[in-house]
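Here is the structure we will look at.
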Amino acid sequence: MTQALQARLPRGVLAGYAAGSVGTGGFGVLPGLVLAYYLTDTLGVGALLAAVVMVIPKAVDVVINPLIGARSDRALARDGRRTGLMWLGCGAIVPLFILTFCAPVSGSPAVGALWVLILFSLTAAAYACFQVPYIALPADLTADYDERTRLISLRIAVLALTILVVGAGAPAIRDGFGGGAVGYAVMAVVVAAVIGAGMAAAITWAARPAADRSTTGRSSGAAAEHRTRDGFDALRTNRHYRILLSVYVIQALASAVMLAGAQYLATYVLDDSGALTPLFVALVAPALLVMPLWVRFGRRFGKQRGLAAAGALFLAASAALGIAITAPGPWVFAAVAVCGVGYAGMQTFPLAMLPDVIDEQSAATGRDQGGALSGLWTAGETLGLALGPGLYLLVLAATGFVSSDADETAEQSGTALAGIAGGFSLLPAALTLLSLVILHRYREERPQ
């Protein structure tokens, strides 16, 4: 593996890598926040069919992301850079993202569901072309244990800010243009431009310097040696990778469930659709404040303990939110803010641990495995993020939720309201508990 050319990364590289989170954050948050609601309450798609539409595009990623990862490793071995696929994804995602939110509202719900299914699948594929090499970059940029945490923490801070701005601003744009088809289309145009700009900045300022740094001292092997199954081989043989990936996917699923439920909780439980913005701010804003504290915690106690502490905090706060089933009120925002503190650490530490595992696997195989492991990692993450809304929609379907069209908000039964609140709180808590049980089996070895 590459040895760091210097202990501290240049500020331009740090800023460039963090800028990529403007792109990944914009894409990651908006479909999870509003796409399910767009399907059920604008296109009139039933909750069960909407769940299928949300899950299938990301399930495709499980197949294509390892292919992208292997191709990225071959490009690195051949040309010394990963930028080709990243530019492809950056250019394709903008028009595809816009078209996803331009489904014909005059057709039947089935037509709208099919439209979103096809366009969202293509958009997810374009996103993977950027995201898989992007996740592999930290292992290319530095081999320093603590510097990787610093690199990732800055990225997560920018990610949190992007999620905050897009998550709060995009629905406001939608509502400002009257909601419905026009509102969603305008919102998509604005967010797509933000996504494209962030991705382009990362490629220019971080991916190119990574190529310069990765050509020194790297044992890459012949390009043909990088195989599609490398990531799956690592999953089978590398215990640390298997545990870390499992934990990250389950925690991504937990946060995605909560994200998908925010709009429903605001509209039907808090009886104020506008409460989505303060709910979202409460979940994401703490990351901007506590990120330096998580970095210090990781340096003192290690990344594994940091991840365990963050998960425990998220678990406690999300379980407490279960009270909203019977007693909703303003206190919900404070509990969600505590979830946000835990969420910040749950995002930072796994991504800071992944380059260490990439080093471990690359040393064992004798060739760079960054793209392969990142490909499967990204596939798992995107599947978890898609399963979250799908799983939440299954809870709604099981508890009798009634879908609406763009002109009417349906009344919900007491059982449906319990499903909305319980799915937002108790389900993420249970998933986080499962992830912590798995994490307990990880044995981190800190460099001396």
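The values are calculated or read from the model by the stated rules, or taken from the named source; none is laboratory data. Keep in mind that this is a model prediction, so the values were computed, not measured. No Cβ is skipped: glycine too gets one built from the backbone with ideal geometry, and neighbour counts run over all protein chains shown.
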- Item | Among the candidates 144, 140, residue that is charged (D, E, K, R) and out of contact with any helix residue (DSSP H, G or I) (no Cβ under 8 Å at 6 or more places or on another chain) | 144
- With respect to residue 92, is the statement that it is surrounded by 21 or more Cβ atoms within 10 Å (Cβ to Cβ) and in a helix (DSSP H, G or I) true? no
- Given (1) at pLDDT 95 or above; (2) closer than 19 Å to residue 200 by Cβ; (3) out of contact with any Ser or Thr (no Cβ under 8 Å at 6 or more places or on another chain), index of the condition residue 118 fails: (2)
- State the number of residues belonging to the range 215-260 that are assigned to a helix (DSSP H, G or I) and at pLDDT 75 or above. 30
- Message: Pairs needed: first member in the range 78-91, at positive phi and in contact (Cβ under 8 Å) with a residue 40 or more places away in the chain; second member anywhere, among the β-branched types (Val, Ile, Thr) and not in a helix (DSSP H, G or I); C-beta distance under 6 Å; at least 6 residues apart or different chains.
- Response: 80/215
- Give the residues of the range 328-345 that are of a type outside the set (Gly, Ala, Ser) and either closer than 18 Å to residue 247 by Cβ or buried (at least 24 other Cβ atoms within 10 Å of the Cβ) (or both), sorted by residue number. 332, 336, 339, 343
- Query: Do we find a residue being in a helix (DSSP H, G or I), within 17 Å of residue 142 (Cα to Cα) and aromatic (Phe, Trp, Tyr) anywhere in the range 333-347?
  - Reply: no
- Message: If I filter the range 284-315 down to residues being under 15 Å from residue 429 (Cα atoms) and touching a residue at least 40 places away in the same chain (Cβ under 8 Å), which single residue comes out as surrounded by the most Cβ atoms within 10 Å (Cβ to Cβ)?
- Response: 314
- Task: Have a look at 39, 43 and point out the one that is at pLDDT 90 or above, part of a helix (DSSP H, G or I) and either surrounded by fewer than 21 Cβ atoms within 10 Å (Cβ to Cβ) or not basic (Lys, Arg) (or both).
- Result: 39
- Matching residues, the range 355-382, being assigned to a helix (DSSP H, G or I) and more than 30 Å from residue 32 (Cα to Cα): 359, 360, 361, 362, 363, 364, 365
